[in-house]
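The block underneath contains the structure these notes are about, expressed in structure tokens.
Every number in this text was worked out from the coordinates using simple rules, so none of it is lab data. Source: prediction; values computed, not measured. When we count neighbours, we look across all protein chains shown, and the Cβ atoms used for this are built from the backbone with ideal geometry, even at glycine.
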Amino acid sequence: MEQMELTLAREQRANSNTVREPATGKNIECAGKLMTGDCVGRLRELADASAQLVVTSPPYDQLREYNGYSFPFEDIAQELYRVTADGGVVVWVVGDRIRGGRSLTSFRQALTFQQIGFSAHDIMIYQKKNTPFMRSNAYTNAYEFMFVLSKGKPATFNPLKVPTARHGMELLTHNKLPDGINKKKLGELKKEKTRTNIWSYAVGLGGTTRDRIAFQHPAVFPEKLAEDHILSWSKPGDLVLDPMCGSGTTGKMALLHGRDFIGIDISAEYIEIARQRLEMHGLKVEVEYD
Ligand SMILES: C[S@@+](CC[C@H](N)C(=O)[O-])C[C@H]1O[C@@H](n2cnc3c(N)ncnc32)[C@H](O)[C@@H]1O
């Protein structure tokens, strides 16, 4: 099949949106597309090195019943490597089945990504502020991994910041000597610092999202999580991809921030949920059925 040209001429696009990019207040043109089908086949339709960022969460360890389920992990990983641009990033949000012990599917997948050629740029933690998974003989599980895989060195990194507890001018320790006497010097403490790689989100209605329609899908991830990665690893005009897009969380945040978006899901029902959800936010998307 002929590979799809992702960056269609903007004036031709019925799926073109003009959004006010929250960070800058500037109007940005971006386009969205949803596709039904197995992501391996759909990814094969996309051109090499065409996506700057992938934010996705796969089904894992057959924990849930989705509508139509197929998960050829290695084929997906290979295709993701091919479609990722040089300097592009894949954020793979995954946990383990815990039944007795942990399945360690997450680790196996991370190692496979590395063997394929991705750099394990970071292994981040998505901490769930509520609804933790209780165990009688181990500590309560409250996290999933966010594997940040890059193709070469990440081309974009906009570090998200948090306010510091103390800031302003203070007498700071300076030139500490072996005699234990600390010299002090007036210096400025910064107002903010780069976040750590542990990110916490509330989950459930109001936390994950306020879009009630999204909960027709059984495993939505927080839209703030998608937003934070989109802001960190991409810039306006980039293409963000979610090959298992479910209720369209990544798409919503990508388009609201002026990134182009392609979402794929094996379930036509979930693609319809995603379409309606994006439409609720005034975001136009083209839908292509397999
Ligand atoms: C964990 S959910 C993703 C949820 C999404 N992040 C959200 O916020 O709504 C995984 C999705 O993968 C889809 N899926 C499973 N196998 C697939 C395949 N081979 N190709 C495309 N989608 C697939 C399922 O239908 C399901 O919607």
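Worth pointing out:
- Protection proxy ranking of 192-200, 110-118 - average other beta-carbon atoms within 10 Å, highest first: 110-118, 192-200
- Each Lys and Arg adds +1 at its Cβ and each Asp and Glu adds -1 at its Cβ; summed about the Cα centre, the chain shows a dipole of about 1740 debye.
- Size check on segment 173-290: the Cα extents along the three principal axes, sorted descending, read 74, 31, 23 Å.
- Part-to-part distance (alpha-carbon centres) for segment 86-150 and segment 202-253, which is given in Å: 17 Å
- FRET efficiency, His167 to Arg99 (Cβ-Cβ, R0 51 Å, nearest 0.05): 0.60
- Footprinting exposure proxy for Leu256, Leu231 (fewest neighbouring C-beta atoms within 10 Å first): Leu231, Leu256
- Under a 5 Å amide H cut-off, with hydrogens placed 1.01 Å from N, Val287 pairs with Leu34 among residues at least 5 apart or on other chains.
- For Glu29, Glu227, the sequence from fewest to most other C-beta atoms within 10 Å is Glu29, Glu227.
- Descending Cα extents along the principal axes, the chain, whole Å: 74, 53, 38
- Neighbour-count ranking [beta-carbon atoms within 10 angstrom, fewest first] of Val285, Val162, Val55: Val162, Val285, Val55
- Solvent-free Debye scattering, log10 I(q)/I(0), computed from the Cα coordinates of segment 169-227 at q = 0.18 Å⁻¹: -0.74
- Inter-label distance, nm, simple model (7 Å from Cα along the C-beta direction), Gln127/Ala47: 4.3 nm
- Here the Gaussian network model covers the chain, with springs between Cα atoms less than 10 Å apart; of Lys151, Lys129, Lys191, Lys191 fluctuates the most.
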